[in-house]
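*Asks:* Supplied in structure tokens, the structure appears directly below.
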Amino acid sequence: MLNFQEFFTVCVGKWKIERTYHYLLAGQVEKSYTEYDVSTLELAQRQQILSISALNGIKVDLARVDANSSLPGFAIAFNTRSETGETLSMSLQALFVPDTYVTSDTVIQEIPPPTAAAVDSTAETIRGFYLRDEGYSEAGAIAGRFTYQSTRQTLEMTTYYKRSVAVDQMRIVTPDLRLRTIITYQRPANIEEPPSIIDLVGFGVERKQPA
């Protein structure tokens with residue numbers, strides 16, 4: 001069973017990923033192959049992401065943060081090739097800030113989560129903000145929400161884009177094997193309604209390569 005910090009340590013390294021995407025509204029299925037290179041964030045990278053998030057209203061109690069480990073995260077560089085020959089290369093940085101480090105004067109409008117992101121609150125569940133310097137489907141820095149359950153070794157990330165809501169679940173099965181599910185909803189016009197129309201469902205098997 002991996003604790004919160006150990007989960008991110010296991011994620012560091014090179015991964016080869018095979019995914020299948022089901023575009024439900026379009027009635028299409030697509031497969032892709034991705035190579036991930038994941039490294040630990042440096043202190044300067046963490047500070048940069050925190051500075052950006054502060055401008056967006058998410059304030060962190062820096063006096064309680066251990067610069068080396070309290071806020072885990074990673075830098076990701078990847079190359080994807082679809083079965084149709086399309087390619088995509090991208091790099092981004094992601095930082096995970098548990099709610100216990102967020103100050104009380106942080107004001108963020110909470111949007112109801114979709115069904116796929118519903119996680120029961122237990123003593124082991126860690127909740128917080130998922131901060132990135134770049135989004136996947138939209139350019140620019142973006143903040144989402146995450147939960148981590150150590151008994152299931154599962155990290156779940158929910159991102160609210162302007163036109164969609166993405167729920168990305170990553171589960172460590174063994175130190176060199178991850179399972180990935182991605183569900184994308186249409187974002188409802190009424191922000192008080194939870195997303196319900198599913199556009200995409202993706203499944204992935206991710207294998208870590210020997211160092």
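The values are calculated or read from the model by the stated rules, or taken from the named source; none is laboratory data. Computed from a prediction, not measured in an experiment: that's the story for all the values here. Every residue, glycine as well, gets a Cβ built from its backbone with ideal geometry; the counts of neighbours run over all protein chains shown. Quick note on the areas: whole protein, heavy atoms, side chains included, nothing else; ligands and nucleic acids left out. Shrake-Rupley method; radii C 1.70, N 1.55, O 1.52, S 1.80 Å.
*Asks:* Give the residues of region 1-17 that are in contact with an Asp or Glu (Cβ under 8 Å, 6 or more places away or on another chain) and among the aliphatic types (A, V, I, L, M), sorted by residue number.
*Replies:* Of everything in region 1-17, just one residue is in contact with an Asp or Glu (Cβ under 8 Å, 6 or more places away or on another chain) and among the aliphatic types (A, V, I, L, M), namely I17.
*Asks:* Okay, next question. Of the residues in region 1-52, how many are of a type in the set (S, T, N, Q), more than 24 Å from V97 (Cβ to Cβ) and open to solvent by 40 Å² or more (accessible area, probe 1.4 Å)? Spell out how you get there, then give the answer.
*Replies:* In the first step, residues of region 1-52 are kept if they are of a type in the set (S, T, N, Q); the result is 3, 5, 9, 20, 28, 32, 34, 39-40, 45, 47-48, 51.
Filter again for more than 24 Å from V97 (Cβ to Cβ), leaving 20, 28, 32, 34.
Then keep just the ones that are open to solvent by 40 Å² or more (accessible area, probe 1.4 Å); that gives 28.
So the answer is 1.
*Asks:* Name, by its number, the condition in (1) at pLDDT 95 or above; (2) part of a helix (DSSP H, G or I) that does not hold for Y21.
*Replies:* (2)
*Asks:* Here's a follow-up. Would you point out which residue out of V38, V29 is under 16 Å from the mean Cα position of the chain (by Cα), of a type in the set (A, V, I, L, M, F, W, C) and assigned to a strand (DSSP E or B)? Write out each step before concluding.
*Replies:* Values: V29 fails: under 16 Å from the mean Cα position of the chain (by Cα).
Selected residue: V38, the only one of V38, V29 that is under 16 Å from the mean Cα position of the chain (by Cα), of a type in the set (A, V, I, L, M, F, W, C) and assigned to a strand (DSSP E or B).
*Asks:* Specify the residue that is modelled with the lowest pLDDT; the eligible residues are those in region 66-98 that are outside any strand (DSSP E or B) and surrounded by 12 or more Cβ atoms within 10 Å (Cβ to Cβ).
*Replies:* To start, the set of residues in region 66-98 that are outside any strand (DSSP E or B) comprises 66-72, 83-86.
Filter once more, keeping what is surrounded by 12 or more Cβ atoms within 10 Å (Cβ to Cβ): 69-72.
Values: S69: 59, S70: 71, L71: 87, P72: 91.
It comes out as S69.
*Asks:* Is it the case that E156 is at pLDDT 90 or above and not hydrophobic (A, V, I, L, M, F, W, C)?
*Replies:* yes
*Asks:* Mind listing whichever residues of region 177-200 are farther than 24 Å from V38 by Cβ and either touching a Lys or Arg at 6+ places or on another chain (Cβ under 7 Å) or open to solvent by less than 40 Å² (accessible area, probe 1.4 Å) (or both)? Quick ask: steps written out before the conclusion?
*Replies:* Keep residues of region 177-200 that are farther than 24 Å from V38 by Cβ, which gives 185-199.
Scanning region 177-200 gives Y185, R187, P188, P195.
*Asks:* Taking region 139-169 as the search range and keeping residues that are in contact (Cβ under 8 Å) with a residue 60 or more places away in the chain and open to solvent by 10 Å² or more (accessible area, probe 1.4 Å), which one is nearest to the chain's Cα centre (by Cα)?
*Replies:* Initially, region 139-169 is screened for residues in contact (Cβ under 8 Å) with a residue 60 or more places away in the chain, giving 141, 143, 148, 150-151, 153, 155.
Right, trim to open to solvent by 10 Å² or more (accessible area, probe 1.4 Å) and you get 141, 143, 150-151, 153.
Values: A141: 13, A143: 10, S150: 16, T151: 19, Q153: 14 Å.
Ranking the qualifying residues of region 139-169, first place goes to A143.
*Asks:* How do the pairs read when you match residues in region 11-28 that are closer than 23 Å to V173 by Cα with residues anywhere that are open to solvent by 90 Å² or more (accessible area, probe 1.4 Å), using Cβ under 6 Å and keeping only pairs 6 or more apart or on different chains?
*Replies:* K16/R207; T20/K31; T20/F203
*Asks:* Moving on to the next point. T106 is checked against (1) modelled with pLDDT under 90; (2) assigned to a strand (DSSP E or B); (3) among the hydroxyl-bearing types (S, T, Y) and fails just one. What number does that condition carry?
*Replies:* It fails just one condition, (2).
*Asks:* In region 53-65, what residues are surrounded by 14 or more Cβ atoms within 10 Å (Cβ to Cβ) and within 13 Å of T100 (Cβ to Cβ)?
*Replies:* Once the filter is applied, which keeps residues that are surrounded by 14 or more Cβ atoms within 10 Å (Cβ to Cβ) and within 13 Å of T100 (Cβ to Cβ), region 53-65 yields V60, V65.
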